[in-house]
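See below for the structure under consideration.
The values are calculated or read from the model by the stated rules, or taken from the named source; none is laboratory data. Because the structure is predicted, anything quoted here is derived from the model rather than measured. Positions of Cβ are backbone-derived with ideal geometry, glycine not excepted, and every protein chain shown enters the neighbour counts.
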């Protein structure tokens, strides 16, 4: 066959092992070369030196080992799209990268690249250097003017976030999570970044207050700042953002949980755990009809659990929220006219920022749910100072997967219709002051795989049958001296009390 006129070669996604001699001279000059997952490694293909017209090059997931050869950065080809991700490429990026003035998309994620991140070509709009070993700080001029996706997560980048980031009018996604970035968040957002949808700076060393200027980001859907050292109160300006996910857990935030959070009606996930919030839980949170994950654990919250939590309609429905099908963002590069860049929308990016692992604390250990967060419905109010009864309204949340109310001062009985929580997988009510019998309806929970009712004042026979009969660990019921029956050793034969002595007085 004559391949001299071949312009496009795409062989990705097929079971293929290409073995090419180092001295091979290809008979073609291609524009698009996509050879992802073709086992090209371990050496970087030398025959690329002879390609002078490549616009698009994808050699991702090929087990290529070692440094990118110097000659590659001087190729005459006007490369627009470069993807070398998911290899074992090591070494440093050259300063000559700045001279690749045709480059729009650069994806070098999941390699072993190290050293400083060099200056980038001004043409760049998509940058993914995540999951490498880059270090050092970012220069003020690092952020080139047309960038709209910056993915630098899982490196060792340090220093402050350059304030020049606030001037990127096309920026949509910023992910610098899992680094060593310190200092305060820039308070320079001025309304220019009208398209910014995602900010993920979690797992860094950031400190200071949340800046008021975040409220000027009129398209911000995802704000992940968990596991830093941020302090102070939540700025009311955040209510101006159309937030879908708000994760500020594991910081040093304080004050009251603000009433205005109830105005964020698009909110699907609210995580404020492991802070120093000290207030009642505002009933206005019940206005969050789309909320699917609520985590307020490990704070100093007091008062009772609001009855309005029964209005979390998304937790009563097995349907996915509308956002999951709503197109969000993808890059389309027209290689026929490589100066033409268009943006269209898809749910791909949305899912990439929700497909996280959710850790559920129960029985002193962490259960890991690897399902997409939008398939998970969870309430965690554990380790606070909450009082009063468990609201009967909670049992209306029939699609709830996890309920953790442990380590509080809750009183009264377990709701009699707890069995209405059909999809419940994990229930932790331990270390409270609950009394009365365990409702028989708890046996109607077919998916229940983790249960902890220990250290309460429960009494009577432990229900048996169906799914609960598979939970045979006696520590589930420890610290309830008036319980009897399997799996604990106390026999119910001739054992009368279904009430504690305190209840008999009444």
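The table below gives the values:
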read-out: Total residues in region 468-491, condition touching a strand residue (DSSP E or B) at 6+ places or on another chain (Cβ under 6 Å) and either over 18 Å from residue 439 (Cβ atoms) or in a loop (DSSP other than H, G, I, E, B) (or both); value: 4
read-out: Set 428, 380: member being assigned by TED's automatic domain parsing to the domain that holds residue 457, within 17 Å of residue 477 (Cα to Cα), surrounded by 23 or more Cβ atoms within 10 Å (Cβ to Cβ) and modelled with pLDDT of 95 or more; value: 428
read-out: Residues satisfying the stated conditions in region 254-269, i.e. buried (at least 23 other Cβ atoms within 10 Å of the Cβ) and part of a strand (DSSP E or B); value: 269
read-out: Among (1) touching a strand residue (DSSP E or B) at 6+ places or on another chain (Cβ under 8 Å); (2) assigned to a loop (DSSP other than H, G, I, E, B); (3) surrounded by fewer than 22 Cβ atoms within 10 Å (Cβ to Cβ) - the single one residue 182 does not satisfy; value: (2)
read-out: From 103, 124, residue being part of a loop (DSSP other than H, G, I, E, B), more than 24 Å from residue 187 (Cα to Cα) and without any contact (Cβ under 8 Å) to a residue 24 or more places away in the chain; value: 124
read-out: Selection status of residue 239, more than 20 Å from residue 213 (Cα to Cα) and without any contact (Cβ under 8 Å) to a residue 60 or more places away in the chain; value: no
read-out: Listing of strands (runs of 3 or more DSSP E) fully contained in region 1-59 that carry 1 or more residues being modelled with pLDDT of 80 or more and closer than 22 Å to residue 87 by Cα; value: 32-34, 56-58
read-out: Region 406-415: number of residues that are surrounded by 23 or more Cβ atoms within 10 Å (Cβ to Cβ) and over 22 Å from residue 460 (Cα atoms); value: 1
read-out: Hits in region 62-84 (condition: within 23 Å of residue 29 (Cα to Cα) and assigned to a loop (DSSP other than H, G, I, E, B)); value: 62, 64, 68, 69, 75, 76, 77, 78, 79, 80, 84
read-out: Any hit, region 270-284, residues being within 30 Å of residue 319 (Cβ to Cβ), crowded, with 20+ Cβ neighbours inside 10 Å, under 18 Å from the mean Cα position of the chain (by Cα) and in contact (Cβ under 8 Å) with a residue 40 or more places away in the chain; value: yes
read-out: Matching residues, region 191-205, being farther than 16 Å from residue 168 by Cβ and either within 11 Å of the chain's Cα centre (by Cα) or surrounded by 22 or more Cβ atoms within 10 Å (Cβ to Cβ) (or both); value: 202, 204
read-out: Candidates 156, 130, 163, filtered to the one that is surrounded by fewer than 16 Cβ atoms within 10 Å (Cβ to Cβ), under 22 Å from residue 225 (Cα atoms) and touching a strand residue (DSSP E or B) at 6+ places or on another chain (Cβ under 9 Å); value: 156
